[in-house]
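Written out below as structure tokens is the structure these notes cover.
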Amino acid sequence: MASEPAEATFAFPPALSREQEDEFRDLDREHGPEFALSRTATAVSGHWTIAALERTYTERGIQVVNFEKGKGEDPREWTKARKWFVTFTTAFLCTSAALGSSIVTGDMSGPVPDLNTTQEIVNLTVTCFVIGFGIGPLFFAPLSEVSGRRLPYMLSMLFFFIFTLPSALARNAATLVIGRQLAGLAASAPICNVGGSMADIWAIEERGIPMATFSFAIFIGPCLGPILGSWIGQEVGWRWIYWVLFIFTGCATLLTLFMPETLASALLKKKAKKLRQETGNPNYRTLEELEGPSFGELMKTALWRPLEMLFTEPILAFMTIYLSFIYSILYLLFFAFPIAFVEIRHFSAGLSGVTFVSIMLGICLAMVLMPFQEKIYNHITRFGAFPEARLFPMMLGAIVLPSALFIFAFTGAYSWVHWIGVCVAGFMFGFALLIIYISGNSYIVDSYSDYAASAIAAKTLVRSEIGAMVPLYVNQMFNNMGFQYAGLLLALVGVLIAPIPFIFYRYGERIRSKSTKASQAKRRHFAEDIEKKELDAET
């Protein structure tokens, strides 16, 4: 360890997680800073431990504010009931945002004659909304780190509620599209901040099912959209789609009023402010106030680091390509299913929307199987966790996905093929969608644990922009290429990218070892574990 500097040039070890901070404090207080640094993998020579930093400020007369264990101040110590309330509430917000992106696809032709516009312009109502999903997090993510989680949720849902109204009242295409763009930007906060909320309240070993619930909400929302929107548009017209969404977002906005704050640094700042007011002592401060970055620095990091990592980190780049492809297929099906069922099989718009239940059933099956995946993961990592252990579901999904797209291409194109064939393809796609996405997201987070927020921001930006482009070409693609050949092209792309999770499972550790930002966790086997235990016993 480097010698103590003469002047107080203190800094946190870079990007410590809450678990690492706790480990620093416990080890440092029990055994001293040298032992803590030697036992914490992410410690960097020349940096102070958290507890040592606290002691230094205490010697200066600063009262560093922390949670008191056992009193329920720390969100990690909340009751399970309260944690699940936060989990389900934030998942509901995600569902409302995701529903808003797809419910309008239930009647895309209705606004064309009413507003005297073209189909391509109306398709922009989906494109502009999903673009907001990618751009909004660049602002909402750093805001949540400064103000806490609750305020961004409240502002997001309030403006989503407000900007849905212009689309419902639109008398021209410009109002319709601009209203959707603003609503999409506003609705993005739940999409980017729910992962942080889960990390605030759940420990790593408890986080599997809550994160799966979050992923389930993100993808069940888009599937509900066409089901509801198609019947509403068929029975009462396209404007009522926006009125129903307006009512739904209003309920979600009211729900944010009952959400508790979960961000530890925000709760500690509130506690420190209360102590300063009660005691009159201005020296009560949190480490975040003393050492934390400013909002400007957070914004700079939020804007630059995701792009830097996207172009310099192979794991992030290729996983982003894969997840963006499957996300774009989801939005493509919002337009391709009506072609297969309304244009080719002459279903009504309402019945065509019901076929999206097949995708929902696949998502539900994948959700049911996630606890088994957690057991497999715990078994594989019993001698030590490593990121590649997250890839097993994705490897299965990499086989199921192109199979689903092949079936979709050669059953959807022909009216004489029973409609159940297309629904089977939808079921398989929904199953592959969830297991690939949860596995891929987990692999990104584990591979870049110290820079997970930036890695996820980069993935979300690219995924959303690629998904947003789909409505601009999907109808032309299927009409000009022919349904079967357009579907075949998608299936072949699925085959082309299928080896990605297998390659990273084999070579991911080697790739991570050459990165300055990736986790350096290695696979440990039984023999290595025995050797380490013997060495620890001798020590």
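Go through Phe325, Leu255, Phe214 and say which Cα lies farthest out towards the positive end of the charge dipole of region 210-326; charges sit on Cβ, +1 for Lys and Arg, -1 for Asp and Glu.
Farthest towards the positive end: Leu255.
For region 239-384, what does the alpha-carbon gyration tensor say about shape, rounded, prolate or oblate, given a ≥ b ≥ c as the root eigenvalues, a/c under 1.5 as rounded, and a/b over b/c as prolate?
prolate
For the chain, what does the relative contact order come out to in percent, with C-alpha contacts under 8 Å and a separation of six or more?
18 percent
Pop the C-beta distance of Asn378 and Lys69 into the FRET formula with R0 = 25 Å and round what comes out to the nearest 0.05.
According to the calculation, E is roughly 0.40.
Which of the peptides 77-86, 124-133, 403-412, 309-318 is most tightly packed, and how do the rest follow, going by the mean number of other Cβ atoms within 10 Å of each residue?
Answer by packing, highest mean first, reads 124-133, 403-412, 309-318, 77-86.
Quick one: putting +1 on the C-beta of Lys and Arg, -1 on the C-beta of Asp and Glu, what dipole do you get for the chain around its Cα centre, in Debye to the nearest 20?
Dipole magnitude for the chain comes out near 820 debye.
How long are the three semi-axes of the equivalent ellipsoid for region 151-195, computed from the Cα gyration tensor as the root of 5 times each eigenvalue, in whole Å, largest first?
They are 23, 9, 5 Å, listed largest first.
Taking the Cα centre of each part, how many Å lie between region 69-136 and region 418-448?
Each part's Cα centre sits 19 Å from the other's.
At what distance in nm do the modelled label points of Leu257 and Glu308 sit from each other, each positioned 7 Å from its Cα along Cα→Cβ?
The answer from the label model is 4.3 nm.
Charges only on Cβ, +1 for Lys and Arg, -1 for Asp and Glu: so what's the dipole of region 187-307 about the Cα centre, in debye to the nearest 20?
340 debye
Once you place label points 7 Å from the Cα toward the Cβ at Thr175 and Arg276, how far apart are they in nm?
The modelled label-to-label distance comes out at 4.7 nm.
Charges at C-beta only: +1 for Lys and Arg, -1 for Asp and Glu. How large is the resulting dipole of region 238-308 about its Cα centre, in Debye rounded to 20?
The dipole of region 238-308 has a size of about 220 debye.
Which one, Phe335, Val368, Phe429, projects farthest toward the positive side of the charge dipole computed for region 306-436 from Cβ point charges (K/R +1, D/E -1)?
The residue sitting most towards the positive pole is Val368.
So what J values fall out for region 453-466 if you push phi through Karplus, 6.51 cos²θ - 1.76 cosθ + 1.60 with θ = phi - 60°, rounded to Hz, Gly and Pro as x?
4, 5, 5, 5, 4, 5, 4, 5, 4, 5, 4, 5, 5, 5
Pairs Lys83/Lys270; Lys80/Lys274; Lys270/Lys459; Lys80/Lys517; Lys459/Lys514: which are spaced more than 25 Å apart, C-alpha to C-alpha?
Where the Cα-Cα span goes over 25 Å, the pairs concerned are Lys80/Lys274; Lys270/Lys459; Lys80/Lys517.
Does region 162-236 classify as rounded, prolate or oblate by the C-alpha gyration tensor (a ≥ b ≥ c root eigenvalues; a/c under 1.5 gives rounded; else a/b over b/c gives prolate, otherwise oblate)?
oblate
In whole Hz and in residue order, list the ³J(HN,Hα) couplings for region 225-241 that follow from phi through the Karplus curve 6.51 cos²θ - 1.76 cosθ + 1.60, θ = phi - 60°; x for Gly and Pro.
Along region 225-241, the couplings run x, x, 5, 6, x, 5, 5, 4, x, 5, 8, 10, x, 5, 5, 5, 4 Hz.
Would you mind checking which residues have amide H under 5 Å from Ala498's amide H? H placed 1.01 Å from N; only 5 or more apart, or other chain.
Those qualifying (amide H under 5 Å, at least 5 residues apart or on another chain) number zero.
Going by Cα centres, region 149-169 and region 178-236 are how many Å apart?
14 Å
Find which of Leu245, Ala486, Trp202 sits farthest along the positive direction of the dipole of the chain, computed with +1 on the beta-carbon of Lys and Arg, -1 on that of Asp and Glu, about the Cα centre.
The listed residue farthest towards the positive side: Leu245.
Which one, (1) 56; (2) 20; (3) 26, gives percent of Cα pairs over 44 Å apart as derived from the coordinates shown?
Of the listed options (1) 56; (2) 20; (3) 26, (2) comes from this structure.
Quick note: the coordinates plus some simple rules give every number you see, no bench work behind them. Quick caveat, the model's predicted, so the values are computed rather than measured. Neighbour counts are summed over all protein chains in view; Cβ atoms, including those assigned to glycine, are modelled from backbone coordinates with ideal geometry.
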